1. How many residues does region A:125-169 contain that are outside any helix (DSSP H, G or I) and within 14 Å of another protein chain (Cβ to nearest Cβ)?
2. Give me a count of the residues in region B:39-53 that are within 7 Å of chain A (Cβ to nearest Cβ) and among the small types (Gly, Ala, Ser).
3. What number of residues within region A:32-61 are touching a Gly at 6+ places or on another chain (Cβ under 8 Å), in contact (Cβ under 8 Å) with a residue 60 or more places away in the chain and under 18 Å from residue A:21 (Cβ atoms)?
4. Taking the conditions exactly as written (of a type outside the set (S, T, N, Q) and farther than 17 Å from residue A:212 by Cβ), does residue A:113 satisfy them or not?
5. Quick check: is even one residue across region A:105-114 of a type in the set (A, V, I, L, M, F, W, C) and within 14 Å of chain B (Cβ to nearest Cβ)?
6. On the basis of being surrounded by fewer than 24 Cβ atoms within 10 Å (Cβ to Cβ), within 30 Å of residue B:49 (Cβ to Cβ), among the hydrophobic types (A, V, I, L, M, F, W, C) and out of contact with any His (no Cβ under 8 Å at 6 or more places or on another chain), does residue A:239 make the cut?
7. Here is a list: B:124, B:68. Which entry is β-branched (Val, Ile, Thr), within 21 Å of residue B:154 (Cβ to Cβ) and crowded, with 19+ Cβ neighbours inside 10 Å?
8. Restricted to region A:43-59, and to residues that are among the aromatic types (Phe, Trp, Tyr) and within 7 Å of another protein chain (Cβ to nearest Cβ), which residue is farthest from residue A:210 (Cα to Cα)?
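The values are calculated or read from the model by the stated rules, or taken from the named source; none is laboratory data. What you are looking at is a predicted structure, and each value in this text was computed from that prediction instead of being measured. Cβ: placed from backbone, ideal geometry, glycine included. Neighbour counts: every protein chain shown.
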Amino acid sequence: MIAIVPRLFWVGWKFHLKGLTMSSFFLLVSVIQPLIFATIAYYMYEAGAREGTLLYVALGAGLMGMWSSTLFGSGGAIQWQRWQGTLELLIGAPPPFIFTLLPLTLATASIGLYSIVATLLWGGLLFDVPLSIEHPFLFAVSLPATALALGLLGLVLASTFVLYRQASAFSNLLEYPVWLVSGLLIPISLLPGWVEPISWVLAPTWGVKAVRESALGGEPLFAIGMCLLLSAIYLVIGWFSMANFERLARKQATLSLT
Amino acid sequence: MTEVASPTSPRTLARVFFLGGLFSYRALFNWITPVMYVTTMLGSPLFQILFFAYLGRFAGLQDDTFFVVGNAIQVSAMAGIYGMTMTIANERQFGTLSPLLATPASRIALFLGRALPVIVNGLVVSAFGFAVGLLLLDFTLEWSAVPPLVVVVVVTVASCTALGMLLGSIGLRARDVFFASNLVYFLMLLVCGVNIPVETLPDWLEAIGRAVPLTHGIEAAREIAAGAPLGEVSDLVWTELGIGVAYAATAFLLFRLFEIEGRRRASLETF
């Protein structure tokens, strides 16, 4: 069983990445929507005379897209399998269900990398944003670390949202609050003090810190470390939640109920 | 033998308009369940308003009033754009379009009746947006400004719903109209003066903004919130209304065109 796990991950991740890339909805969420928000923020900053923040905006808007694709992709992951009638097959297959679900949630976060590329290109081509990265190696490390942390947060979402029939309702609800409290475009210090501890347990907070500090200058290692630490915590939570869901669904015979 | 009422009798027209509209809303509006309604139609607008108000504070662009008024009106597009698209285009998605078009019911009553519940819904969402601003942000409103503001918001929400009608009509033919609905919703945040004064946008973006619903209504609402009487913004309100009528007329023409074409090519419910 152990020997097939890497292959299962690789094939599953690639399969879902291709599927999500072909979806017009995910194209909108991961490419077009971040570009629109980046443009709004750019004009707001320009009209408000806040200078020197264009790369800051481009990276923040890119992370916004990554969060949206993770939220909508992972939040509805199990529900989609239900609608397509593939959930029983995946649960019944020999590998533990988490090994087939995790590549999907990682893929939803991975297509968020399109957002970063899109907003950086947008900044460079349309607004002459200088693409000078202060720590190129750390920038290259911070991106997959962020995608990993968001993908594992996606596993937590997938395994908890599945308990509710209206999972997409929670997805619609959680997009703006996480953009707001993670400091993607607005510094957390501007928000009420009680928001800050909430931001600490959210992967996008550390992801954007890691990406920004490696691009704009700073000490991104701590933020990268926090991404990895949160990934481990999310994995444990997701593992237990998924096991609980599987046990309840088998016991109550609700696997295929939509 | 029972006498069949004429499809053009006032009573039948009123039934198709009011009851048909209500039934279609209950059947085709995907977010009708309480959980879905509260999270999507109220929760999401709540955080949208907070997000842009704080972004505005950080950018140093305008005060909270600017963002509360802009976003409280724009969030009505949750109903006006998504809701209206659903209540027309979902007839095709759910396979009820052919039976509907087989009836002799007046098409104009059928079409416009679907807009009424959506407009009421949009007004609820918009009122909630203003309440969020009053309770959570630095936004105040004189009591005397409320009646003219209601007039402006009603016109603007109706106008926005007309754009939703257009998208819904396109949904009778297009494969994935919800992509367009999402795109339009987000583009409104950029071009309609919701968060950025339209005059600060590049000329071509400003021109787009001036040609679509919301822009003039939001401008009028901001002036009223600042203390202007309704008479002073009447030009903006009439322009907003005119734009809405133009979009509604185009939407109805497309609806009829796609019905006739769909019958001719036997393609009403094909994808």
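1. Taking region A:125-169 and keeping what is outside any helix (DSSP H, G or I), we get A:128-135, A:162-166.
Next, only the ones that are within 14 Å of another protein chain (Cβ to nearest Cβ) stay: A:163-166.
Looking only at that region, the number is 4.
2. Here is the first cut: in region B:39-53, the ones within 7 Å of chain A (Cβ to nearest Cβ) are B:39-40, B:43-44, B:47-48, B:50-51.
From what's left, among the small types (Gly, Ala, Ser): B:43-44.
The number of residues fulfilling the criteria is 2.
3. 1
4. Details: of a type outside the set (S, T, N, Q): yes; farther than 17 Å from residue A:212 by Cβ: no.
For residue A:113, the condition - of a type outside the set (S, T, N, Q) and farther than 17 Å from residue A:212 by Cβ - is not met.
5. So far as region A:105-114 goes, no, none of its residues is of a type in the set (A, V, I, L, M, F, W, C) and within 14 Å of chain B (Cβ to nearest Cβ).
6. Details: surrounded by fewer than 24 Cβ atoms within 10 Å (Cβ to Cβ): yes; within 30 Å of residue B:49 (Cβ to Cβ): no; among the hydrophobic types (A, V, I, L, M, F, W, C): yes; out of contact with any His (no Cβ under 8 Å at 6 or more places or on another chain): yes.
No: the conditions fail for residue A:239.
7. Details: B:124 fails: crowded, with 19+ Cβ neighbours inside 10 Å.
Being β-branched (Val, Ile, Thr), within 21 Å of residue B:154 (Cβ to Cβ) and crowded, with 19+ Cβ neighbours inside 10 Å holds for just one of B:124, B:68, which is B:68.
8. Just the residues of region A:43-59 that are among the aromatic types (Phe, Trp, Tyr), to begin with: A:43, A:45, A:56.
Subsequent filtering for residues that are within 7 Å of another protein chain (Cβ to nearest Cβ) retains A:43, A:45.
Details: A:43: 25, A:45: 23 Å.
Across region A:43-59, the extreme among qualifying residues is A:43.
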